[in-house]
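> Mind looking over this structure? Questions follow.
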Amino acid sequence: MSRPGGGLPQPGRCVLLGVLNVTPDSFSDGGRYLDFDHAVAHGVRMHAEGADMIDVGGESTRPGAHRTPAPTEAERVVPVIRALAGQGVRCSVDTTRAEVAEAAIGAGATVVNDVSGGLADPAMGKVVAASGVPWILMHWRGHSDRMDELARYRDVVAEVRDELLARVDAAVAAGVDPANLVIDPGLGFAKRAEHNWQLLHRLDVLLELGFPVLVGASRKGFLGRLLAGPDGAMRDAPGREVATASISALAAAAGAWGVRVHDVAASRDAVAVGAAWRYGASDAPWRHGASDAASRHGVGPAWRHEVGPA
């Protein structure tokens, strides 16, 4: 069996996914890139700044958001992905719907970033398996309008780990190559601020599973709460960029495969610092956290024991 991480960008450092929300209502940049020309120009700009992949999404998943009809979501993302791919810009599609993912792959998307980890649409596994593209499985417990009520944990790190492994098992059972799987702890999704910090503090627990790990903290509300002013008012989204870059550096130093960010240039520098910190050298090789750790520690989903070590 091939090692987890096959078919994914491996640029020699922590991967940078640039966020491109083609939506009217995303929490940080809703409406800014709903226009096709603006969206494509922003994607090209992030690519020039160092993004390894542009993550194009057409449905807001902010807390409390309502669902976007599938045809509308597809109409937003497919033309943008086709245009960016035509200019040599690698794209992922940020969607929970199999039909949108399939259309996006047809337009040139090379990765599916599914914030539901396959739970929202049972057909997603079949689409991903048939296409052979990598699949980012995020920890998720329900749609945005139910997030807050689902943020209940006794041990958030252990529960997120176990629930992600269940999604890995389901993906493999659907025929997806385990070498094409990435896991994401889902910061801010059915999680309170303390849950996010605990997951970041124990990122090693997820890294030890042997799969590439993606961290998506960019501009999220828990950073706004951390940086609240003397009056208790949350720092607004644009004012959370230094905190975001700090997490990018820490995630890279911990061995994360990638970070998903709005400001690519800031996190590009941050992950360079994180890599140098981790290895004690500016030119050390970056291993992305995709290792044999699961085999060494005996941790991992049931299929590992059936097909042999990575």
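The values are calculated or read from the model by the stated rules, or taken from the named source; none is laboratory data. On a predicted model such as this, the values are computed, not experimentally measured, just so you know. Cβ placement follows ideal geometry from the backbone for every residue including glycine, while neighbour counts extend to all protein chains displayed. Each accessible area value is taken on the protein alone, full model and side chains, heavy atoms only, with ligands, DNA and RNA left out. Shrake-Rupley method; radii C 1.70, N 1.55, O 1.52, S 1.80 Å.
> Could you report region 59-193's accessible area per residue, 1.4 Å probe, as an integer in Å²? Before the final figure, lay out each step's value.
Values: 5130 Å² over 135 residues.
Per-residue value: 38 Å².
> R0 = 45 Å: FRET efficiency of ALA193 with ALA130, Cβ-based, nearest 0.05?
Approximately 0.70, to the nearest 0.05.
> Report the accessible area of ILE105, computed with a 1.4 Å probe over the heavy atoms of all protein chains in place, in Å² rounded to the nearest 10.
40
> Evaluate the charge dipole of region 40-132 about its Cα centre and quote only its size in Debye, nearest 20, assuming +1 on the Cβ of each Lys and Arg and -1 on the Cβ of each Asp and Glu.
Computed about the Cα centre, the dipole is about 80 debye.
> Please find, in a Gaussian network model of the chain (springs between Cα atoms separated by less than 10 Å), the residue of PRO69, PRO212, PRO24 whose mean-square fluctuation is greatest.
Highest fluctuation of the listed residues: PRO69.
> Same structure again: If I ignore ligands, DNA and RNA and count only protein heavy atoms, how much of TRP135 is accessible to a 1.4 Å probe, in Å² to the nearest 10?
Solvent-accessible area, nearest 10 Å²: 10 Å².
> Would you mind computing, in nm to one decimal, how far apart the modelled labels at ASP169 and GLU149 are, each placed 7 Å from Cα along Cα→Cβ?
Computed distance between label sites ASP169 and GLU149 equals 2.7 nm.
> Using amide H atoms built 1.01 Å from N in the peptide plane, name the residues 5+ places from MET53, or on other chains, whose amide H lies under 5 Å from its own.
LEU16, GLY18
> A further question follows. Nearest 0.05, what FRET efficiency do GLN87 and ALA265 give at R0 = 22 Å with Cβ-Cβ as r?
My answer for the efficiency is 0.70.
> Which one of LEU187, PRO63, ALA98 has its Cα pushed farthest toward the positive end of the charge dipole of the chain, where Lys and Arg give +1 and Asp and Glu give -1 at the Cβ?
LEU187
> Return the percentage of antiparallel bridges among DSSP beta bridges fully within the chain, rounded to the nearest 5 %.
So the antiparallel bridges in the chain amount to around 0 percent.
> Under a point-charge model restricted to the Cβ atoms of Lys and Arg (+1) and Asp and Glu (-1), what is the dipole moment magnitude of the chain relative to its Cα centre, in debye to the nearest 20? Show your work: numbers first, answer last.
On the way: 31 positive and 36 negative charges, 95 e Å.
Its charge dipole is roughly 460 debye.
> Would you work out which of TRP197, TYR279, ALA256 lies farthest towards the positive end of the dipole of the chain, given +1 charges on the beta-carbon of Lys and Arg and -1 on that of Asp and Glu, about the Cα centre?
Towards the positive end, the residue furthest out is TYR279.
> Turning to a different aspect of this structure: Give the carbon-plus-sulfur fraction of the accessible surface of the chain in %, rounded to a whole number; probe 1.4 Å, heavy atoms of protein chains only.
Numbers: 6610 of 12590 Å².
Ligands and nucleic acids excluded, carbon and sulfur reach 52 percent.
> Would you kindly derive the ³J(HN,Hα) couplings of region 123-133 from the backbone phi angles with the Karplus curve 6.51 cos²θ - 1.76 cosθ + 1.60 (θ = phi - 60°), listing them in order in whole Hz, with x for Gly and Pro?
Working through the residues one at a time gives 7, 4, x, 5, 5, 5, 4, 5, 7, x, 7 Hz.
> Residues in region 80-110, backbone N under 12 Å from the label point at PHE36 (7 Å along the Cα-to-beta-carbon vector): list them, ranges by number please.
Taking a point 7 Å out along Cα→Cβ of PHE36, the residues of region 80-110 whose backbone N falls under 12 Å are 80-84.
> Could I ask something else about it? Mind listing the phi-derived Karplus ³J(HN,Hα) values for region 71-88, rounded to whole Hz, using 6.51, -1.76 and 1.60 with θ = phi - 60°, and x for any glycine or proline?
x, 5, 4, 5, 4, 6, 8, 4, x, 5, 4, 4, 5, 5, 4, x, 9, x
> Let me ask something additional. Between region 187-223 and region 149-163, what's the alpha-carbon centroid distance in Å?
If you average the Cα positions of each part, the centres end up 12 Å apart.
> Name the residues whose placed amide hydrogens come within less than 5 Å of the amide hydrogen of VAL215, ignoring near sequence neighbours (fewer than 5 apart) on the same chain.
Sorted by chain and number, the residues that satisfy this are GLY258, VAL259, ARG260.
> Might you tell me the accessible area per residue for region 202-245, computed with a 1.4 Å probe and given in Å²?
On the way: 1770 Å² over 44 residues.
On a per-residue basis, 40 Å².
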